[in-house]
Amino acid sequence: MGEFEVHRVRFFGLVPAGVRCLACSPRGGRLALGRTDGAVEIYNFAANYFQEKVIPGHEARSVEALCWAAGERLFGAGLGGAITEYDLAGLRAAHSVDGGGGPIWSMAANGSGTQLAIGCEDGSVKLFQVVPGGIQFERNLDRRKGRILCLSWHPSDTHIAAGSIGALRVLDVCSGQTVQRIMVNYHMRKVTRECVVWSIAFLASGTVVTTDSFGRVQFWDWQRGTLRESHTVSTSAVLSLAVSEKEDSIVVGTSAGATYQFQLLPVKMGSLEKRWVRTKPFQHHTHDVRAVAHSSTALISGGLDAQLVIRPLMEKMQKKGYEAALRKFTFPHRRLVSCARKARLLLFQFSQHLELWRLGSTNETGKDGEVLPLRRVPEHLVQLKSKGPEHIYCSCVSPCGTWVTYSTASRFHLYRVRYQGDSVGVTKV
Amino acid sequence: MVAPGPLRVVRCGGSTLCGAKAVFSADSYLLCASGDFVKMYSLATEETLRLMGGHADLVTGIQLNPHNHMQLYSSSLDGSIKLWDFMDGIPIKTFTVGPKLLALYALASSEDSVFVVIPKSGERDTFQLVAVKLTKAAGQDLEARELSVILDGVDASPKRIAFGREGEYVASVKEVHLQVYFFKQKQLNRFSVSTAKTKSGNNRFTCIACHPMEDCIATGHADGKIRLWRNFCHKKEYTFSTLHWHHDTVMDLAFSMEGTSLLSGGVESVLVLWRNESDRQKDFLPRLGSPIEYISVSSDGTLCCTLHTDNRITIINSNLRFSKSIQGLIKSKDVKTDLVVDPRTKALVLNGEPGHLQFYCLQSDQQLFSLDIVQRQYIHQAGLNQADLVKVAFSAEGNWLATVEEREEVTDPELQLKLWFYDEETQSFKLNTRINMPHEDHITDMCFRDMDELEDESLILVTAGRDRVFKVWVMVEDTDPEAQQSVSWSCDFVGSYHNYQATNCCFSEDGSLLAVSFEEAVTVWDSVTWDLKCTFCHPPGKIRSICFGRLMCAKYLIGATDHGFLCCWNLLSCALEWSAHLNVLVLQPDPLSEHIAAVSWLSKESSLFVFKPNEPRPIYIQRNLCKEKIKLAAFIPRDEPEMIGSEKYLWLRRSQLFFLTDTQELMTLSTKSLEERLTPSSKQLAVEESLPVTPFSLLLGRHRRQQSQEDIDLGKLVVRNKHEQDSPAVKELLHTPAHVLPSASFLCPIFINSLLISKEKKSDEEVADEVEMQSEKTEDDSDEERDVTEMEQEDTSPMELLGEITCKLSKSQEKELRKIRKMDYSWISAF
């Protein structure tokens, strides 16, 4: 064995961006993930949840909601007020249409993938038609006060359930009218605090599932406007909700970092009466769980701690093995660090800038595992800010350390670094 | 008079109640397995109504007969199942199964069989659940050998098997495995929790309960978690959710009748109520005193009860409010105090709850009260050294109580001597003096100079310590004007002998002499001048206990050594009078006679020797008193001297001897035979008299008072008498729950007849006969026969005769009652 010097690089202060939203493609093959910095990542289920594609973020473009429509087309909407279609082949935003209702908080595609509904800051729900090569505004549905935080289509595409602050609404798609409005206030205490409906799901049976800021998961009968079941899972808010395709299992994520599974189970053996039962709690996250998804074999959750956790359901697995293992994606899957071997330099890539460091060095040698005293401490040479709103996609430093390059979605930049004693000069080529 | 039989050893308290879950009967009684007996308590008065004995070994399970809620099945380690009519306390049938029965379950859906847990033949420590077919043949004693195995490899504990909704399935847990057997599908599903020891401890199963309405199983685990299993009819797609509050083992679980809430309990002595199977909605009933062993819920859901490890029963309302507590002899961790008799209440005093002194009334088998001595919060945690009470002594009048508490520390023990004065106003003991570190080391013995005739000022307390001294404590006037009390205690004299450890101390009957044993020697001191009078020694062996003789034998001093010698010294001649080779564990003098009882432990059995100090031959010997080691004994003075025919048992005339065994069962010796002790008393009546006053009874009472006043006005005193005699019948009618009564038209004639002023008593009986079916007649005859035999047994002594007369009166009432009751039941069984 040769001798190695191991550098402890503790000066790479990367702050990973938290997971903001998740969307499973209807056919179940892919998962789209939106981060708080606007980056969108695509994971492929078939290839062991391999991170297939990354679309870097954009300063002006946040992602609040993602959805798959019309086959394999991915749309995103954000607080910028625009709906963007992503070019999955070119790994960039293809084109965007302004929603016209202020910041967009939520977006949902209908079952057939032909229409998109968005929930806006001004309380309106707007329908967009998905047409080849883009989307087209169709019409406005009934507008009420209060931002629409979540949306869900009924599987038959006739109704939309929308959750806002303190209430949920059911809208008829044909007439555009509000057909039911349910207040979800919290009456338990003297002071009625504002109750935020964080997420909503419309089941085929006519049940509307909501999660709110009081830690409740509630099941409503939308036609009668009555509460069917209420489960308090947490003292903090329940932020996210996802339903399995068969509608017999629900996963919710709370702001305490825990996720819970609900299952629709028969009350008695062989009887038709079924009830939602809270079954398994999981505590994989340290921060808010902002997004959950339910694939046919696994519960997927993403949180502000930037982790993506894929928890396979044991009962759906045929055998124990690699498929059935718990997966946690803690690290970025791209190369963010590049190394100039000869010049002993490191280039770190952040979303908006690059940092060039010189590694520390030592004269001494020691035994295995020993910490050697440094002759020269690591040195921060250059911080290179990128220009424009686009985030850096990739970066590299040449082995001699004189060339630094990075690229965004649309541009490529090359710099020359000159070392003159202690001072460092950078010139754009 | 009955010919004197041999003395019988009778268990009279402290039998473990934790053999099986308690059962609520349909009408406000609670049934509990207690040792070899089944006890029936009234929920209204907490009184022990009936003691059903007949099993030859520990009762392991009791269940109401699902087809007749007035009957009870009980199973025992003696291998038999008994069917009882618990209202009358009569065994109806005995089914002999054979092997040890460890648990019993009865199901409404299984017509003629019950389920028991038996050890698997040929294998040690493996048990199986079997169904026992109970034959319907006539006769009292039946064989029930028809067994069919349901589940193999179950746990012996009755908590670890539960039957599900409508008897569809049975679930059993053992170690980390749960198995569910579906009767209809004949399908067995097994589930396991991970065996890996997690950081929160191990997750072995400890108990199980099934939801009464839904397919849901709740299991308790050793790490304090509760798991709710659902969908367990599928082998793979089962699921469970977890509830976690307990920090230690979940001891028992019970669902409410509708299954909307779940009760759990453990060593924390907190009952937890989980609503809607939710982690967030739970209520607590804390401070129940001691670890919860079993939880049971009444069938109407209004009450639940918890059985505790210290033999206490707590009855709790449905809204989780403490309602009542039934406590007999509290089982403490270790009885360090002697069995002491409180001279005031004649109650037995010993360690109760940790740090408490319990006063146990022998007559009513109830705890009178519990005195908090240590006055510190007890923390339920393993391995924590907590202060506990070790010695107790009462002064002769019961005005003063001395207690010693210590905390076991390796380096220096923490000792406290407390003196309590009985406050007449508050009727309880009040702390007078507290002495920290009265001795440098453990206190080995303590006694008051008990002289009845002398006034309070001459009271002396002597403590003997392992620090090689004995100390004399006297009362002194308190000179401090601001002091709340006029007297306090302080040390007067410290005596020692050759630097030996003082082990025992004892005053002579007149209080003039004090005997203190120092390892191998006994020293006798003058209690006025504190001069050493003389010493006795009988090597080899250290003195285990000493006592003075009483009355005629006051000149003798008895000592027992741990080398197996019993010595008697004459104090006048200062010489050894006699000695005997006997390994004496307990030496107990009777305060009211010359007799001294010695209990020996030889070849794994305890034997009792009763002797007088003036003669070396024992008066009475009973070998093989019991298999357990007897630790403590006490003579309890009787209220009135008992008539004892035989010369042999004369020593039992004025006091009764009680023993406490290793397992903290209280036993006594009785000259009476079994039948006499188990009196089918008319306690039932007494209970109904002591029922709480309801608005209805007030109304009725006023009505009656008016009526009686009218009677007096009319001068019909005789008639009023008669009317009172009939009233139990009416009373019974009014006290029986409305839903078990026959139709009003049926009852009307009886009711009216009972109100009618009958000319003769005979007409009354005729009415009753009409109502009864003719089949009852034979039983009636037998009743009468019994009456006759009892008449024959009557003694000539006038006092007894008087007793019989009152007894006869109540008997006729009882007969009346029984008729009414029988009628009720026959009506029920028709359905």
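A few comments on the model shown:
- Å² of accessible area per residue within segment B:161-328, as computed with a 1.4 Å probe and no ligands counted: 38 Å²
- Size of electric dipole in segment B:161-328: Cβ of Lys, Arg +1 and of Asp, Glu -1, about Cα centre, debye, nearest 20: 400 debye
- A 1.4 Å probe run over segment A:19-329, with the rest of the protein chains in place, finds 40 Å² accessible per residue.
- Each chain gives up part of its surface: A and B jointly bury about 1700 Å² of accessible area, both sides summed, for a 1.4 Å probe.
- The label point for A:Glu121 and the one for B:Ser121, both projected 7 Å from the Cα toward the Cβ, are 8.4 nm apart.
- Reducing segment A:8-37 and segment B:498-535 to their Cα centroids gives an inter-centroid distance of 88 Å.
- Occluded residues from segment A:263-287, i.e. those whose accessible area drops by 50 Å² or more once the chain is not alone (1.4 Å probe): A:Leu265, A:Val267, A:Lys268, A:Met269, A:Arg278
- 3J(HN,Hα) along segment A:42-56, derived from phi through the Karplus expression 6.51 cos²θ - 1.76 cosθ + 1.60 where θ = phi - 60°, amounts to 10, 10, 10, 5, 5, 9, 6, 6, 6, 6, 7, 9, 10, 10, x Hz, with x in place of Gly and Pro.
- For segment A:337-428, with +1 on Lys and Arg beta carbons and -1 on Asp and Glu, the positive-most of A:Thr408, A:Leu374, A:Asn363 along the dipole: A:Thr408
- Formal net charge of residues neighbouring A:Gly425 (Cβ-Cβ distance under 10 Å; K, R +1; D, E -1): +2
- Cross-link check: pairs B:Lys133/B:Lys186; A:Lys126/A:Lys387; A:Lys328/B:Lys282; A:Lys246/B:Lys236; B:Lys186/B:Lys225 evaluated at a Cα-Cα cut-off of 26 Å; pairs beyond the cut-off: A:Lys126/A:Lys387; A:Lys328/B:Lys282; B:Lys186/B:Lys225.
- Radius 13 Å from Cβ of A:His95, net charge of other residues (Lys, Arg +1; Asp, Glu -1): 0
- Modelled FRET efficiency - R0 51 Å, A:Val371 with B:Ser579, Cβ distances, 0.05 increments: 0.05
- Approximating the spin labels as points 7 Å out from Cα along Cα→Cβ, the B:His442-to-A:Val131 distance works out to 9.8 nm.
- Taking segment B:203-340 and dividing mean pair separation by its residue count, relative contact order in percent (alpha carbons under 8 Å, at least six apart): 14 percent
- Protein accessible area in segment B:531-620, 1.4 Å probe - carbon and sulfur %: 54 percent
- Chain A: most fluctuating residue of A:Asp157, A:Asp368, A:Asp87 per GNM, C-alpha cutoff 10 Å: A:Asp368
- On segment B:161-328, 49 percent of the accessible area sits on carbon and sulfur atoms, based on a 1.4 Å probe.
- Set the Cα radius of gyration of segment A:224-373 against 2.2 N^0.38 Å, with N its number of residues, and you get 1.58.
- For B:Lys533, the amide hydrogen comes within under 5 Å of the amide hydrogens of B:Val524, B:Trp525, B:Asp526, counting only partners 5 or more places away or on other chains and with H modelled in the peptide plane.
- Percent accessible area from carbon and sulfur atoms, segment A:104-222, protein chains only, probe 1.4 Å: 50 percent
- Charge tally in the Cβ shell below 11 Å around A:Val179, where Lys, Arg are +1 and Asp, Glu are -1, A:Val179 excluded: 0
- Computed label-point distance, nm, for sites B:Ser109 and A:Leu414 using a 7 Å Cα→Cβ extension: 8.2 nm
- If the segment from A:Ser205 to A:Val179 were pulled out straight at 0.36 nm per residue, it would be longer than the present Cα-Cα gap by 7.7 nm.
- Intensity falloff of segment B:7-156 expressed as log10 I(q)/I(0), Debye formula with alpha-carbon point scatterers, at q = 0.08, 0.12 Å⁻¹: -0.21, -0.48
- Centroid-to-centroid separation of segment B:592-664 and segment B:230-305 [C-alpha atoms, Å]: 47 Å
- Centroid-to-centroid separation of segment A:299-358 and segment A:113-159 [C-alpha atoms, Å]: 34 Å
- Accessible area of segment A:337-428 divided out per residue, in Å², using a probe of 1.4 angstrom: 59 Å²
- Integer Hz, Karplus 6.51/-1.76/1.60 couplings in order for segment B:509-522, x for Gly and Pro: 5, 7, x, 7, 10, 10, 9, 10, 9, 10, 6, 9, 10, 10
- log₁₀ of I(q)/I(0) at q = 0.11 Å⁻¹ - chain A, Debye sum with one point per alpha carbon: -0.88
- Per the Debye formula on identical point scatterers at the alpha carbon atoms of segment A:106-194, with no solvent, log10 I(q)/I(0) at q = 0.13 Å⁻¹ is -0.43.
- Interface residues in segment B:267-295 - accessible area drops by 30 Å² or more relative to the isolated chain, probe 1.4 Å: B:Arg280
- Efficiency of FRET from Cβ geometry, A:Ser271 and B:Glu605, R₀ 60 Å, rounded to 0.05: 0.50
- Burial of 10 Å² or greater, segment B:206-220 residues [accessible area, probe 1.4 Å, versus chain by itself]: B:Met213, B:Glu214, B:Asp215
- Theoretical FRET efficiency, 1/(1+(r/R0)^6), r = Cβ-Cβ of B:Ala56 and A:Glu229, R0 56 Å, to 0.05: 0.55
The values are calculated or read from the model by the stated rules, or taken from the named source; none is laboratory data. This one's a predicted model, so the numbers in the text were calculated from it and none came from an experiment. Counting neighbours? That spans all protein chains shown, and the Cβs are built from the backbone with ideal geometry, glycine included. In case anyone asks, the SASA skips ligands and DNA or RNA and just uses the protein heavy atoms, side chains included. Shrake-Rupley method; radii C 1.70, N 1.55, O 1.52, S 1.80 Å.
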